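The numbers here are math on the coordinates, done by the rules we state, and not lab data. As the structure is a prediction and not an experimental result, all values here were calculated from the model. Positions of Cβ are backbone-derived with ideal geometry, glycine not excepted, and every protein chain shown enters the neighbour counts.
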Amino acid sequence: MCFNMPLWVYTLCVLLACTCLLLYLLERRERGKFRGLPTYPLLPFIGNIHQVVGDGRHLFQLLDRVGEICENSMLPFVVWLGPCSILVIQDPEDVKMITNAFIEKPYFYGFGKIWLGDGLVTAPGYVWKHNIKKLAGTFTSSVVDGYLGVFNAQTHRLVESLKTEVGKEPFDIIHKYLAYTTLETICQTALGVSKISESIVTTEYYEAFNRCLELIMSRALNVLLHPDAIYRLTAAYREMARCVAVLHHVSDTVMKKRQLERKNTKKTEIGENNSRDSKGGPKFKAFLDILMELSETDPSLTERQIKSEVDTIIVGGQETVASTMFYTLLMIGCKPRIQERLYAEMRSIFGGSRREVGKEDLARMQYCEAVINETLRLYPPVPGILRYADRDLPLKSFTVPKGTACGINSWGAGRSVRVWGPDAKLYRPERWLDDQPPGTPAAFLAFSYGRRACIGKKYAMAILKTMLAHCVRELEFVSEAENLQLKVDIALRPVSGHLIQVRLRQKT
Ligand code: HEM
């Protein structure tokens, strides 16, 4: 039968067989580099794709299970997406090594480039290295203190909205309120506004923003859409481009307006125009203005780069702060003792007053800070971070081969019994009040670690404390977290959002 085969079919079969053999040998060589590490059973050529692919819920379950395996084996775990390896790490020593050694990120981050360009989160290593020098010190205490007026005004609005839910059924606090409040706040501080009462976030902007995040996530979950050449042919790409145009239009318009204002105003006057604090407090300076000032001495900070950095800040701060606020309310809502202690701290600082939160107040909110840290330890809004190994790197139990994507499991690290003790999975803010900080810094990964860690930590803590102070002073939260199910949806999100109820606080 074989002898009757036309020559071209025969040649094709031989070529195909040779290609398969070559691929198989290459694959064996690659996989051999990870011998001894735990992994899931592999299929030829596709590796673990069939086990990894799924929705955000599935991705979360995978993260959780892999975290347990790393904890028990004390080894990294390897996942194969066809020929590409992802090494999952959560041991604090390994995390330190990897986050300090590698600044490149794997190609997945490129999915956000159409929106965020070469902003800090998505920039290749050489661009990041150049820009971080200027931007690392942007959100200093005095800059953040200058934002307190915006934080207070936006939170005041939030509390008024939440009051309309008093006595009603549990509601979806993230989508109905927190996502909008944090987006408006971050937009105002990133772009600047002439009046706090003016909104930047129109319905069109809000919808485009959320849709972009959804589209990035659905692309990440579908490996077939990973190659740019394929993605560009899809309706999803065209929709993404439309949404990005809406978002860029806002940042472009604000930038042009500010450029014109800066041209028409002497430099010294610009600061005065931005001042919001008539009582001599720190002045408000929008992130955009800080960048425009920097660009005057550094021509490499082009208009395009400034826009990318501003858009990045908005994305970097919005989901993360909204999610942290949500999990904090969820936790205090089902732990009345913790909520009462938090309220007692607010009473000791503010008495019965509903005045604005000032910078001295923030410094006094120690229990509040412990509550936020405990939330971030157990519910890190970014449950995993990725780095790309651009060279071999020896860890204590294994050498990371060049070309590996390293996934740092912040979710698993925050729940490690080995690091946090036998009550690791318990929500216990008091652990942050002990003389010695708990765990090790490289196991608290909510803000990432090492190089390319979050530059907005001070900003985040200030806005979260302000929000909590206003919320807890006026409202009581009741929640149900026992059957909480989670998914990875850019940020760590609950599967069902209707978990929180509010009551008016009876003054004590
Ligand atoms: C609770 C709130 C926040 C959390 C949990 C958080 C978490 C993180 C994490 C995990 C990273 C590393 C991402 C990665 O490597 O893929 C990161 C980076 C970053 N975050 Fe945050 N973030 C928060 C708030 C903010 C805020 C409020 C801002 C801005 C005002 C911000 C701006 C940034 C920027 C610009 C980066 C990139 C840093 C770089 O690559 O050099 N973040 N953040």
Inspect the stretch 438-455 for any residue being hydroxyl-bearing (Ser, Thr, Tyr) and at positive phi and give the result as yes or no.
-> yes
What about residue 110, is it out of contact with any Leu (no Cβ under 8 Å at 6 or more places or on another chain) and within 13 Å of the ligand (Cβ to nearest atom)?
-> yes
Those helices (runs of 4 or more DSSP H) completely within the stretch 177-247 that have 1 or more residues that are crowded, with 22+ Cβ neighbours inside 10 Å are 179-191, 203-220
State all residues of the stretch 369-414 that are surrounded by fewer than 24 Cβ atoms within 10 Å (Cβ to Cβ), within 16 Å of the ligand (Cβ to nearest atom) and in a loop (DSSP other than H, G, I, E, B); if no residue qualifies, say none.
-> 381, 382, 389, 390
Return yes or no: is residue 433 away from the ligand (no atom under 16 Å from the Cβ), of a type outside the set (Gly, Ala, Ser) and exposed (fewer than 15 other Cβ atoms within 10 Å of the Cβ)?
-> yes
Selection from the stretch 413-439 of residues polar (S, T, N, Q) and out of contact with any Asp or Glu (no Cβ under 9 Å at 6 or more places or on another chain) yields 436
Given (1) of a type outside the set (A, V, I, L, M, F, W, C); (2) over 16 Å from the mean Cα position of the chain (by Cα); (3) surrounded by fewer than 20 Cβ atoms within 10 Å (Cβ to Cβ), number of the condition residue 465 does not satisfy = (3)
In the stretch 318-368, residues that are surrounded by 18 or more Cβ atoms within 10 Å (Cβ to Cβ) and not in a helix (DSSP H, G or I) total 4
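For the stretch 436-452, name all the residues that are closer than 20 Å to residue 105 by Cα and either surrounded by fewer than 15 Cβ atoms within 10 Å (Cβ to Cβ) or within 6 Å of the ligand (Cβ to nearest atom) (or both).
446, 447, 448, 452
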Of the numbered conditions (1) under 20 Å from the mean Cα position of the chain (by Cα); (2) buried (at least 17 other Cβ atoms within 10 Å of the Cβ); (3) more than 9 Å from the ligand (Cβ to nearest atom); (4) closer than 18 Å to residue 287 by Cα, residue 134 satisfies every one except a single condition; which is it?
-> (1)
